[in-house]
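Taking it in order: structure first as structure tokens, then the write-up.
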Amino acid sequence: MLTKRQQDILRLIIQHYTKTGLPVGSKSLMAAGINASSATIRNDMKALEEAGLLQKTHSSSGRIPSMVGYRYYVDHLLKPTRVAKTDMQVIKRSFGKEFHEINDIIQQSAEILSNLTSYTALSLGPDMKDRRLTGFRIVPLNSRQVIAIIVTDQGNVESQVFALPQSVSGTDLEKMVRIINDKLVGEPLLTVYQRLRTEIPMILHKYFQTTEGILDLFDLMLGQVFEEKVFVGGRMNMIDFEPATDVDQFKSIYRFMKDPEELMQLLIPPTDNIDIRIGDELGNDLFHNMSLIQASYDISGHGKGVIALLGPASMQYSKMFGLLDVFSRELAEKLAEYYRSLDATS
């Protein structure tokens, strides 16, 4: 149980260290408003160190926060700061432009947040499972290659270059596409996914000697549609988190950040609107000196998404908390506006 003065000392040390990266001594705390003698403050700092909340550096008599100290601060002392007017203008301006796809908005949100903070941002869009298929098209590239395009009712577009099997002619392919569109357009993607494994193969086999490869194409593309997409902004910002990080560790972190399945494990939906995990709480040794702050948002009728910041454990939590709170609401409003525009034209 900390005294009020010890709480104030811990709060000031964390606020100072996260801004400057410098250890904090008793004289700095007196100047910051701690009403006690230098000796008393040093005793309190020693007590905080013994409690595991502070650490003493070798090069200075000052103290820096420990991971336990950051956790205590986040749980008991954090007060979000107001978002700077200039940052608010950047957010409004960035979301104010025209977007043509949901994924464009999600991807742009990661870039905006990363640029605002110089951290790595991760953005996960609303759930895809209730989307409906509005079209499937094949666009020839040459005699043996085509681009296959799937479009959903919420503006999501998936495209894939596909090599035609030797056994399928271009004419047969066009007929297959017409049949598939007749049977599946307007259906929920989950229904489409199921019928492609049951009903559709039987229908196609009635008309064509072989459908080799075509159904595999659908399977692959719909798998991509269902796959929850984590967009990452500022991957290379990780270089600046830990100046002493060795090359092998950075390569391991970078590989992790390129793996969608790994990222999905990192982005656990918050139990609260905003959730902060520090160091070992991230469940991966690669991030033992980092923190993840993430916010969830809900688009009525369209599912939930998550926007997150991965940065050093010494991030400015009050500032980042306030920024992420505002940012997630602006992102949710932009997505809701996009969905309303789609509903109005459908």
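The values are calculated or read from the model by the stated rules, or taken from the named source; none is laboratory data. Treat the numbers as computed from the prediction; the structure is a model and nothing was measured. Here the Cβ is made from the backbone with ideal geometry for all residues, glycine too, and neighbour counts use every protein chain on show. Each accessible area value is taken on the protein alone, full model and side chains, heavy atoms only, with ligands, DNA and RNA left out. Shrake-Rupley method; radii C 1.70, N 1.55, O 1.52, S 1.80 Å.
Working from Cα positions, state the angle (0 to 90°, nearest 10) between the long axis of helix 214-226 and the longest principal axis of the chain.
30 degrees
Taking 2.2 N^0.38 Å as the expected size of a compact globular protein, what ratio does the Cα radius of gyration of segment 77-140 give against it, to two decimals?
1.55
Given that compact globular proteins tend to follow 2.2 N^0.38 Å, what is the ratio of the alpha-carbon Rg of the chain to that value?
The chain yields a ratio of 1.29.
Under 9 Å from the Cβ of Q55, count the other residues' Cβ atoms, weight Lys and Arg +1, Asp and Glu -1, and hand me the total.
+1
Run a plain Debye calculation on segment 1-139 (Cα atoms as equal point scatterers, no solvent) and give log10 I(q)/I(0) at q = 0.09, 0.22 Å⁻¹, rounded to two decimals, same order as the q list.
So the normalised log intensities are -0.47, -1.27.
Calculate, in nm to one decimal, what Y207 and I179 gain on full extension: separation in residues at 0.36 nm each, minus their alpha carbon distance.
9.1 nm
Would you calculate the convex hull of the Cα atoms in segment 54-206 and tell me its volume per residue in Å³?
Given the Cα convex hull of segment 54-206, per-residue volume reads 243 Å³.
Rank these residues by their accessible area, most exposed first, probe 1.4 Å: S296, S114.
Of S296, S114, the descending order of accessible area is S296, S114.
Rounded to a whole number of µm²/s, how large is the Stokes-Einstein D of segment 272-346 at 37 °C and 0.692 mPa s, given Rh as the Kirkwood radius over C-alpha pairs?
After rounding, the answer is 240 µm²/s.
Grab the DSSP H runs of the chain that are 4 residues or longer, score each as -39,500 (n - 2.57), total them, divide by all residues and round the 222 nm result to the nearest 500 deg cm²/dmol.
So the calculated ellipticity at 222 nm is -14500 deg cm²/dmol.
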